[in-house]
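S.K.: Below is one structure. I have some questions about it.
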Amino acid sequence: MRHFGIIGYPLLHSFSAKYFNEKFTTEQIDAEYSLYPTKVESLKLKVESLLDTLDGFNVTLPYKQAIIPFLDHLDETAEAIGAVNVVYQHVGYNTDCMGFMESMKPMLRNYDRRALVLGTGGASKAVCYGLRKLGITPTLVSRTPKDGMLRYDELSDEIMAEHTIIVNCTPLGMLPDVNSCAPIPYDKITARHLLFDCVYNPEETLFLSKGKAQGATIKNGMEMLVGQAKAAWKIWNK
């Protein structure tokens, strides 16, 4: 039997476990996929254990960057992004960017040139990489910005109008915290805007709901999640 899993914290609602275990059953593969919720103080020991015992595993919040020092090597994409969500044979990969690009590309309009990316974690790094590949210039937005980033209170009318794509890469709005959303000026969103939420549970987050109320096009992270999972499967079986 082959063994796979996912490491992160918390792991209350894991799409990956359901997706891969159903795939194993459908394709009659002798394998299992398990959850490995891990607190930060146990991260090093847990990663070392998973590297020795699993055939491959996924990495999710909040360890997509923290896991890198424990790996032997990163593939070219993960190296460029600076975040990992798939591990195979002690090597880190990033398939988040692939899933995001596949989901976002059909939605792009000819006037989309700039995007606001909310959050600065591993997911935002993959999204920024994907946006650049699609010809879109990303600008990061954070509560505690560094050089080249914006604060939420700096999102002026002009900035909101110029950035027709807004991508939420924070966990705000994810179950069970469904009544939270990033503090952007939602009243400045128009029908020209596209809001993409990397969160997939619930199906329509407060971020997306507020955008839809303003006439914006919205999309959640489910298609992105499926896309990155398919890419992970190819890595594990190459």
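S.K.: If you go through region 152-172 one residue at a time, do you hit one that is in a helix (DSSP H, G or I), of a type in the set (A, V, I, L, M) and closer than 30 Å to LEU54 by Cα?
M.R.: Checking region 152-172: not a single residue is in a helix (DSSP H, G or I), of a type in the set (A, V, I, L, M) and closer than 30 Å to LEU54 by Cα.
S.K.: Out of (1) under 20 Å from GLY227 (Cβ atoms); (2) in a loop (DSSP other than H, G, I, E, B), what's the single condition that is false for PHE57?
M.R.: Condition not satisfied by PHE57: (2).
S.K.: Quick check on SER16: is it over 18 Å from ILE235 (Cβ atoms) and either modelled with pLDDT under 95 or small (Gly, Ala, Ser) (or both)? If you could, list the steps in order and put the result at the bottom.
M.R.: Numbers: over 18 Å from ILE235 (Cβ atoms): no; either modelled with pLDDT under 95 or small (Gly, Ala, Ser) (or both): yes.
Against the criterion (over 18 Å from ILE235 (Cβ atoms) and either modelled with pLDDT under 95 or small (Gly, Ala, Ser) (or both)), SER16 does not qualify.
S.K.: Answer with yes or no whether VAL40 is at pLDDT 95 or above and surrounded by fewer than 19 Cβ atoms within 10 Å (Cβ to Cβ).
M.R.: yes
S.K.: Same structure, new question: Determine which single condition GLU32 fails, assuming it passes every other condition in (1) touching a strand residue (DSSP E or B) at 6+ places or on another chain (Cβ under 9 Å); (2) free of Cβ contacts under 8 Å to residues at least 40 places away in the same chain; (3) among the charged types (D, E, K, R); (4) part of a helix (DSSP H, G or I).
M.R.: (4)
S.K.: Something else: Which of the residues that make up region 99-139 are under 18 Å from PRO171 (Cα atoms) and in a helix (DSSP H, G or I)?
M.R.: Answer for region 99-139, where residues must be under 18 Å from PRO171 (Cα atoms) and in a helix (DSSP H, G or I): GLY99, PHE100, GLY122, ALA123, SER124, LYS125, ALA126, VAL127, CYS128.
S.K.: Taking the criterion of being in contact (Cβ under 8 Å) with a residue 60 or more places away in the chain and either surrounded by 15 or more Cβ atoms within 10 Å (Cβ to Cβ) or under 19 Å from ALA123 (Cβ atoms) (or both), would at least one residue in region 68-79 satisfy it?
M.R.: no
To keep it simple, each residue is scored yes or no on (1) within 17 Å of ILE6 (Cβ to Cβ); (2) surrounded by 15 or more Cβ atoms within 10 Å (Cβ to Cβ).
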{"position": "LEU54", "(1), (2)": "yes, yes"}
{"position": "ASN110", "(1), (2)": "no, no"}
{"position": "LEU118", "(1), (2)": "no, yes"}
{"position": "SER124", "(1), (2)": "no, yes"}
{"position": "VAL127", "(1), (2)": "no, yes"}
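S.K.: With LEU50, LEU12 as the choices, which residue is touching a Pro at 6+ places or on another chain (Cβ under 8 Å) and at negative phi?
M.R.: Answer to the selection: LEU12.
S.K.: Next question. Which one of LYS234, LYS219 is within 18 Å of CYS128 (Cβ to Cβ) and surrounded by fewer than 20 Cβ atoms within 10 Å (Cβ to Cβ)?
M.R.: LYS219
S.K.: Determine the pairs where a residue that is closer than 13 Å to THR164 by Cα, located within region 123-139, has a partner that is part of a helix (DSSP H, G or I) with Cβ atoms under 6 Å apart, the partner being 6 or more residues away or on another chain.
M.R.: The qualifying pairs are PRO138/CYS128; PRO138/LEU131.
S.K.: For region 1-29, what are the residues that are under 15 Å from ALA229 (Cα atoms), touching an Asp or Glu at 6+ places or on another chain (Cβ under 8 Å) and not in a strand (DSSP E or B)?
M.R.: Within region 1-29, ASN21, PHE24 meet the criteria.
The values are calculated or read from the model by the stated rules, or taken from the named source; none is laboratory data. Remember, predicted model here, so these are calculated numbers, not experimental data. We place every Cβ from the backbone using ideal geometry, glycine too, and count neighbours over all the protein chains shown.
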